[in-house]
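A short worksheet on the structure shown next.
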Ligand code: BES
Ligand code: MN
Ligand code: ZN
């Protein structure tokens, strides 16, 4: 992995030259030491601009000042962080990212950042954010809209926080890049290569199930989805050992549909256009494993990635087909666009073989979840209230929102099959995120399990002040922080 160059800087940050200087200012900027120092150095120039409102302290607002007087850097950017009591915990991640996104539209040598974040968690978030802001989605454009600087310097961040933040930022960018890769470049076989590269880089063991092995293992639900494509599917099992070999692992399962056309229940063009993002769950698991391994998390983790393309051909699965999942359950296909749950059915069953203490799955599973919660919040559905509140609280602490949806037993009636044990959709569209989760629940036995429907937050259709459009890498940071704690 090409790592971005990041160093801590402890000399005089105003007098020592660099190519761009980024300083945070919140509503309470008069009380901030860095702003005071800059105001003093500039004989009150900066405080006059802040006083007049010319420089905004609103979250993610970046004011670029060229040729600031008495400052060694030719460019000074002030980034707003709003109110300290906003309760929004992603402020520092987003502010650092927004500043870099603004500055890195041109090639910069050294960018120096000052005053973003105070607590260790905030500092790690800010460092990670600075790496996300300067990387865009235009992987195939000759002229990039965002260019990484040669060096990012941090003032006032201790080395452990800096390195942890850097690892988290790198992991988020791994996930984002995979999501952004076009579907003619990223398909199950090439995803395998990417997973191998990550595994080698951070010392994970990797086991790959090809089509023959998947047949031998009777992964009939996943294989049913894969039939429409000439590209063979994969299940990839990654293992990280951070605890004693006999300690029960945490299992992380990811939906990796590298392109979702909908199959015979075909999507309209508008809905299909961004369906390269349908492997975001698998990419999220890979990003989290990269972070966990490099941060030396103290638990065993197994990642299971289900990689397929959902296409159409003379051999594709059809409406009315009955598939037999690896668990033995039979599934009646009522909609070939409800393919994610079929892929996950077998992956969850494979995860159960590892005797995990907990299972968490990540999936861009339903449009219904986006209707329910919008694009900033992931749906959280579980069979275990303790795991639910744990995930909700640490994701909230990172400002990556998750919100529970109900899982009453009566929802299960909606997925009862007539010809087979269950069917792959509910009765009508209502509660679609929940009936999908109830389907998954059929495959986790009694194991504490949580399902994160990331169809909303995994992919930005348009650019945000703090990030380019495309893959967001959402929840990599929250889970990295959870495993670090
Ligand atoms: N991959 C989609 C869900 C999705 C929608 C992800 C929007 C990202 C953005 C999933 O496979 C799907 O098509 N789900 C169907 C389920 C339905 C047929 C029961 C949906 O949400 O319409
Ligand atoms: Mn689909
Ligand atoms: Zn899908």
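Considering only residues in region 188-212 that are touching a strand residue (DSSP E or B) at 6+ places or on another chain (Cβ under 7 Å) and in a loop (DSSP other than H, G, I, E, B), the one that is nearest to residue 362 (Cα to Cα) turns out to be 204. Tell me which residues, restricted to region 123-137, are surrounded by fewer than 24 Cβ atoms within 10 Å (Cβ to Cβ) and closer than 18 Å to residue 295 by Cβ. If the condition is that a residue be surrounded by fewer than 24 Cβ atoms within 10 Å (Cβ to Cβ) and closer than 18 Å to residue 295 by Cβ, then 123 is the only one that fits.
With respect to the conditions (1) within 30 Å of residue 485 (Cβ to Cβ); (2) in a loop (DSSP other than H, G, I, E, B); (3) within 16 Å of ligand 3 (Cβ to nearest atom), residue 437 lacks only one, and its number is (2). All of 50, 65, 75 fail the test of being within 22 Å of residue 467 (Cα to Cα), surrounded by 16 or more Cβ atoms within 10 Å (Cβ to Cβ), touching a residue at least 24 places away in the same chain (Cβ under 8 Å) and not assigned by TED's automatic domain parsing to the domain that holds residue 200, apart from 75.
Being within 14 Å of ligand 1 (Cβ to nearest atom), buried (at least 22 other Cβ atoms within 10 Å of the Cβ) and not in a loop (DSSP other than H, G, I, E, B) is the filter here, so list the residues in region 227-268 that pass it. Walk me through how you get there before you give the answer.
Narrowing region 227-268 to residues within 14 Å of ligand 1 (Cβ to nearest atom): 228, 254-268.
From what is left, the residues that are buried (at least 22 other Cβ atoms within 10 Å of the Cβ) are 228, 254-258, 260-261, 263.
If the condition is that a residue be within 14 Å of ligand 1 (Cβ to nearest atom), buried (at least 22 other Cβ atoms within 10 Å of the Cβ) and not in a loop (DSSP other than H, G, I, E, B), then 254, 255, 256, 257, 258, 260 are the ones that fit.
Which residues, counting only those in region 331-372, are away from ligand 3 (no atom under 14 Å from the Cβ) and under 18 Å from the mean Cα position of the chain (by Cα)? Passing the criteria: 359, 360. Within region 308-315, one or more residues are free of Cβ contacts under 8 Å to residues at least 12 places away in the same chain and either away from ligand 3 (no atom under 16 Å from the Cβ) or buried (at least 24 other Cβ atoms within 10 Å of the Cβ) (or both). The single condition among (1) closer than 27 Å to residue 144 by Cβ; (2) more than 28 Å from the chain's Cα centre (by Cα) that residue 95 does not meet is (2).
Restricting region 449-474 to residues that are assigned to a loop (DSSP other than H, G, I, E, B) and in contact with a strand residue (DSSP E or B) (Cβ under 6 Å, 6 or more places away or on another chain), which is surrounded by the fewest Cβ atoms within 10 Å (Cβ to Cβ)?
The residue in question is 469.
Residue 213 - would you say it is over 23 Å from the mean Cα position of the chain (by Cα) and within 16 Å of ligand 2 (Cβ to nearest atom)? So residue 213 does not fit the description; no. Pairs needed: first member in region 227-246, without any contact (Cβ under 8 Å) to a residue 40 or more places away in the chain; second member anywhere, part of a loop (DSSP other than H, G, I, E, B); C-beta distance under 6 Å; at least 6 residues apart or different chains. Within 6 Å, no pair qualifies.
All of (1) buried (at least 19 other Cβ atoms within 10 Å of the Cβ); (2) away from ligand 2 (no atom under 16 Å from the Cβ); (3) more than 30 Å from residue 122 (Cβ to Cβ) hold for residue 421 with one exception: (1). Residues in region 420-451 that are more than 24 Å from the chain's Cα centre (by Cα), touching a residue at least 40 places away in the same chain (Cβ under 8 Å) and within 15 Å of residue 335 (Cα to Cα): 420, 422, 423, 424, 425, 429. For the residues 297, 282, the requirement of being crowded, with 24+ Cβ neighbours inside 10 Å and either touching a helix residue (DSSP H, G or I) at 6+ places or on another chain (Cβ under 8 Å) or part of a helix (DSSP H, G or I) (or both) singles out 282.
Taking the conditions (1) under 21 Å from the mean Cα position of the chain (by Cα); (2) assigned by TED's automatic domain parsing to the domain that holds residue 294; (3) assigned to a helix (DSSP H, G or I) in turn, residue 185 satisfies each one other than (3).
The values are calculated or read from the model by the stated rules, or taken from the named source; none is laboratory data. Every value quoted in this text rests on a predicted model; they were computed, and no experiment measured them. Cβ sites come from the backbone with ideal geometry, for glycine too, and all protein chains shown count toward neighbours.
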